[in-house]
Every structure is written in structure tokens, then in C-alpha cells.
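The values are calculated or read from the model by the stated rules, or taken from the named source; none is laboratory data. Computed from a predicted model, the values in this text were never measured in an experiment. Glycine gets a Cβ as well: all are built from the backbone with ideal geometry, and neighbour counts include every protein chain shown. Protein only, heavy atoms only, side chains kept; ligands, DNA and RNA dropped before computing areas. Shrake-Rupley method; radii C 1.70, N 1.55, O 1.52, S 1.80 Å.
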Amino acid sequence: MAGVVRGSSSAQRAAAAAGVPPSPWHVPVPTPVPTPAPVARIGSAEAAAQGVGDSPPPAVLTAPASAEQRPVSPPPPVTGPQGPGRYPPPPAYVPPPLFPRPELPDAPRWLLPAAAAAGLVAAVALPYASPGLGFALTAVAMGAAAFPAVLPLRRGRITPWTVAFGLLAYALVSVALFRDADWLVGPVLLAAFGVGSLAVSGGGRGWLAVIRGGVSVAFAVLPLPWFLAGPLRTLTRRRRMLPTLVSAVVTVVLLAVFGLLFSSADAVFSAFLSDLLRTPEWAQSLPYRVFVFCVFAAAAGAAVLVGLRPVAEPAAPDLRMSLGRQVWVIPLLGLNLLFAAFVTVQITVLFGGSRRVLTTAGLTYAQYARSGFFELVTVSLFVLGIVAGAVALLRRESRADRWLLAVLLGLLCAFTLVILASALHRLGLYTDAYGLSRLRASVEATIWWLGAVFVLVLAAGAVRLSGGGTSWFFRTLVLLTGVSLLAFAVWDPDARVAETQLTVRGVERLDHGYLSELGAEAVPILDRLPEPDRSCVLSDVVAVNDLSTPDPWNGWNLARARAREVLERRPVVRPDDCPGSSRVPGPDD
């Protein structure tokens, strides 16, 4: 056996020297060797003495196997990305959706009928009519469509605040029933939409929640396609709408082709077809009504979506900073001293009356009034910004800091109330001399609203110092603003403008051009003018407000109805020699 091993080794060395690769079948197969017992490590000299060397144990070679008995080894792995067995092909790239589906609640089964009903009412009641009964009916339909979404009491949507917002929204919409002036009705309806959105959303504890709730319905239109996808898919699957639409399209194409051929072949049939296809009057307004239907149906669906979502009360970001007391005490103290000096002068003017104004060198009513009240209103707006910034940015570390800041801001608000009274006094002097206009009436209403806001700020500060919460402040501010708009509309500014122009300026200095732009509310007041001024002014008012023709049922309005009654009792005949418009009073009048 040892000779065989040595012969095999010699043959392999000779083949390697000759450059012939050794056969892979001459592989020595080691015999199983028993595991030796563990011995202690010894040095090389001791190993040589004991006969332990580095030569490998003897091995026994087997004869090469035949072709039938040769083992089939797997092919070696192919390196690189092209190997089919090494790396699988990469998956196909699927781009993310351009508009991913947002998280939305499940659409109720009654959504499509309710939205379609609201859109149908709007399409019938709103087009081709002045603001009036149609807006009220549309508001009722929109509220009825959204009410089931907020009805479950477990959702917590029906609260005293949301009920107050809902009633205020309907009260603002009702302005379209008794006021005709577009410059007044438009902003009031926009405010009604915001207040109604706040009522449906159910939020409003902070300023961020109030803003989000006011625009919630408008922004809910964006995810509306995903919200309506389920009900629309169910409707088309249940009613088999797609085959019906395909058959309708094919029918229209066939009728059009053969109808044109028959019309060209016979003149009598062509005349009959022309009479049949003549567009009726109601069909001419159909595209606009379809557009109105889609807009208000989408608005109703958005309102339902807002009502089904959980109440969102986003927390406003904490912007408060820890500043030293001297950083904010000195500026606020300086402002209070300046305001105190100005208020002292204003009190002397308020109690001095018009004689104090006229005895000042080179000062007239117009110069005194026009030179100040716009600036004073701007000052009050700046003070509101300062108060809001101080509350939002200053971190009061101690009770003394809280009391000191409250006292300084409270004094600033109290001084601003006196400044607003001075601005109102200046405006009164001007209107006593030259009468009201739409701008002056709006500024006067803004001054009263600002005064109410400052009183509300003082009340909130007092409640906060006493340890109470102020989560009611921003919702109360919304209610105050809505009630102020409603009161301004009830006050009837156009009628007040016409009345003061007649009583203050008189017929000789009457501004015909300005009075002719007033709404129908001014007709009963302008009817008191003597002829020919009455007919000259009222003829322009009739033309501007389209009072010569009756309103349709959906455009009924109380102000226009009363104006037409006045004009029926005393018809207007415009003379040929109507006087022109007088000059609008300037600042030096």
C-alpha cells in the first residue's frame, strides 16, 4: 500500500513537471481516523524524540469511477448581474400615485340623493334672478343636506356654540330677503358661508381652529372625488349605467347621420326637422343651470364630509419667549404715557364741543374731521395687533409678570376706547356738515365694532387673571362680528345715506350722480324730493336696480317690492332737463 501511494505521488509530480494537469479523478480519499485523546502540547524536540512528525497520515486512493458512476456536480455559480440563477430580475417600477387617496370616512348611502337635491334647488332658484328668495331656499336645502351628518349626538357636533353659529348663518342669509344693495348683500352672504362652515365643523377653541373651521367646507372640495367614488361606483354597478350610456351615444350618432341624409333629400322633412329641433327658451339657460347644480351639489357633499370627520381642534404653535421684564415693560409704559397725553387733549375737545373746534386758528369742520378719524381707526387696529402679539409671544414666568402685563395692556385698551370715541366724534362732525355716504357709514360701523372688540378683550383679560379659561374668546369674537354685520344690514345704510343727503345738503346741493347709485332701499326716501329732482334721481335708480320689470318668484325681495309700490303710486317720468351731478365735497368744504 505504501508503494502504491509513493508511485501515485511520483506520477503526479512527473505530470506536473511535464505541464500536464493532473486528473481530477486521482483524488486521495482519506480513511476515517479515530479521534486521538487530548494530549499536552509538547515542544518540537520532544516531538522528534517521540516519533511525532509533520508528515500527513497515509491515505488510500481509489480507482477512478466509470462514466456511469461519475457524480454530476452542479455548475459553478456565474458571477455578475447577468446570471439567471444568481440574481432574480428586478421588479417593475411602479410610480407612486400623483394624487394619493386621503384618509376619509365612509360615504353614507343618502349622500348622493341629498347632494343632488341641494344642487337641483340651487339650479332652479338661483340663476337669472337678483338676490332674494332663491338664496334663502338654497341655504335651507344645503342645511338639510348636511344636517344628518351632524345629527348623531354621540359625535358631539350639536353644542350651544354650533347651534348659535347655525342660527347666525341663517340670519345672515336672510339679509338677501330684505336688502337690495349689492355692496352690502355680497359680504354678508360670504360671512354666512364662513359661519355656517364653522357650525358644521364643530371646532373653534383657538384662533387656528376658528380659521380652519371657517374654510373647512371650501377645502373639503379637494378630497371630494375620493369621497364620492364609492357611491358613484355602486350606482353605476347597480343601475348598469355604462351600457345605457353606450346605447344612447350610438342612438344619437345613428339618428344624426340618417336625419341629415333625409333632410337633404326632402325639403318638407327638412322644414319639419328644423321646427322640431328649435331650441326652447328653457333650454337656453340649461348650461348655466347645470354649472350651478354641480357647484352647489359639490358644496353640499363637502359639507357632509366635514360633518362626518372628527372634530378638529388643532393646537396653535407655542411662540412664547422668555424675555426680561425691562424688554417689554419700557415700550408698553412709553405707549401708555403717549396715549394718556393724547387722550387728555381729546377729552377737552369732546367736552368743548364744536365751539372749541371753530375757535382754533384756521380749522374747519372738514379739516378737523378728515384729518383724523382714519388715522385714529388705524391706531386702534395697531393696538389690537400689539395686544395679540404680547399675549402670544411673552412668557409670563411669575404672577407679578402676569399682573404687570395685564395692567399695561388693559390701560392701553382703555385709552384706545377713548381714542375711538374721539374718532366717532370727528366723524359725527363731518356727517353733520355734509351727510353720510356709504364709506362714512361703513367707517362708523367699524368704529362701533372695534369698540366692542376692545371691551371683549378687557373682559377676557379679567377672566384670565381670575384663573378662568379663555377658550370662548375666539368663538365669541366670531359671533360678535356676525351680529355686527347683521345689525348694520338692519340699520339700512342706503336709506340712511339718502336721508342725511336730503336733510343736510338740501335740494340745492344735492349730488344726483351719487344718489342714483343707491339701492332700492333709498326709493321711499328719495320719493320726498320735489319735481323735477325726484324724477331725475329715481329714473336713474330704477335703471340701475332694474325696477321697471317685476322680479321672478325666486328673486322676490322686500326692499324692491316696497320700491315698486312707491313707483306705482307715483310713476316716474324723466324730464329732458335733468340737472347734472354736483361736486362731491372735498376736504376743504
Tell me, yes or no, whether the range 505-512 has at least one residue that is touching a residue at least 24 places away in the same chain (Cβ under 8 Å), within 30 Å of L198 (Cβ to Cβ) and β-branched (V, I, T).
no
Out of the residues in the range 529-563 meeting the condition of being of a type in the set (D, E, K, R) and either outside the structural domain of L510 (by the TED database) or modelled with pLDDT of 90 or more (or both), tell me which one is nearest to G134 (Cα to Cα).
R560
Test F488 against the stated conditions and say whether it is within 30 Å of V383 (Cα to Cα) and touching a residue at least 24 places away in the same chain (Cβ under 8 Å).
yes
Is there a residue in the range 486-505 that is among the charged types (D, E, K, R) and more than 22 Å from V185 (Cα to Cα)?
yes
Regarding the range 229-246, can at least one residue be identified that is open to solvent by less than 80 Å² (accessible area, probe 1.4 Å), of a type in the set (S, T, Y), touching a helix residue (DSSP H, G or I) at 6+ places or on another chain (Cβ under 9 Å) and not in a helix (DSSP H, G or I)?
no
What's the total number of residues in the range 287-345 that are closer than 30 Å to P127 by Cα, open to solvent by less than 90 Å² (accessible area, probe 1.4 Å) and modelled with pLDDT under 90?
1
Failed item in (1) touching a helix residue (DSSP H, G or I) at 6+ places or on another chain (Cβ under 7 Å); (2) closer than 17 Å to L337 by Cα; (3) open to solvent by 30 Å² or more (accessible area, probe 1.4 Å), with L405 passing the rest
(3)
For T481, all conditions in the list (1) modelled with pLDDT of 90 or more; (2) in the same structural domain as V537 (by the TED database) hold save one; what is the number of the exception?
(2)
Of a type in the set (A, V, I, L, M, F, W, C) and within 36 Å of the chain's Cα centre (by Cα), is that true of L412?
yes
Only one of (1) farther than 30 Å from F382 by Cα; (2) in contact with a Phe, Trp or Tyr (Cβ under 8 Å, 6 or more places away or on another chain); (3) of a type in the set (A, V, I, L, M, F, W, C) is not met by A460, so which one is it?
(1)
In the range 469-481, residue nearest to the chain's Cα centre (by Cα) [restricted to those that are surrounded by fewer than 18 Cβ atoms within 10 Å (Cβ to Cβ) and of a type in the set (V, I, T)]:
T481
Select, from F219, F272, F258, the only residue that is modelled with pLDDT of 90 or more, open to solvent by 100 Å² or more (accessible area, probe 1.4 Å) and not acidic (D, E).
F219
In this structure, does L120 turn out to be open to solvent by 80 Å² or more (accessible area, probe 1.4 Å), modelled with pLDDT of 75 or more, not in a loop (DSSP other than H, G, I, E, B) and not hydroxyl-bearing (S, T, Y)?
yes
Would a scan of the range 435-446 turn up a residue that is under 22 Å from L337 (Cβ atoms) and not assigned by the TED database to the domain that holds A181?
no
Test each condition in (1) surrounded by 15 or more Cβ atoms within 10 Å (Cβ to Cβ); (2) in the same structural domain as G202 (by the TED database); (3) in a loop (DSSP other than H, G, I, E, B); (4) not charged (D, E, K, R) for L104 and report the one that comes out false.
(2)
Kindly evaluate G202 against the criterion of being in contact (Cβ under 8 Å) with a residue 40 or more places away in the chain, within 25 Å of P287 (Cα to Cα), in contact with a Lys or Arg (Cβ under 8 Å, 6 or more places away or on another chain) and buried (at least 18 other Cβ atoms within 10 Å of the Cβ).
no
From the list A441, A414, A400, A421, which one is under 24 Å from D492 (Cα atoms) and open to solvent by 20 Å² or more (accessible area, probe 1.4 Å)?
A421
For residues that are open to solvent by less than 30 Å² (accessible area, probe 1.4 Å) and hydroxyl-bearing (S, T, Y), scanning just the range 123-171, find the one that is modelled with the highest pLDDT.
T138
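Rundown of residues vs (1) under 30 Å from the mean Cα position of the chain (by Cα); (2) closer than 26 Å to G482 by Cβ; (3) modelled with pLDDT of 90 or more, yes/no style:
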residue	(1), (2), (3)
A369	no, no, no
T378	yes, yes, no
L394	yes, no, no
R399	no, no, no
A423	no, yes, no
A433	no, no, no
W448	yes, yes, yes
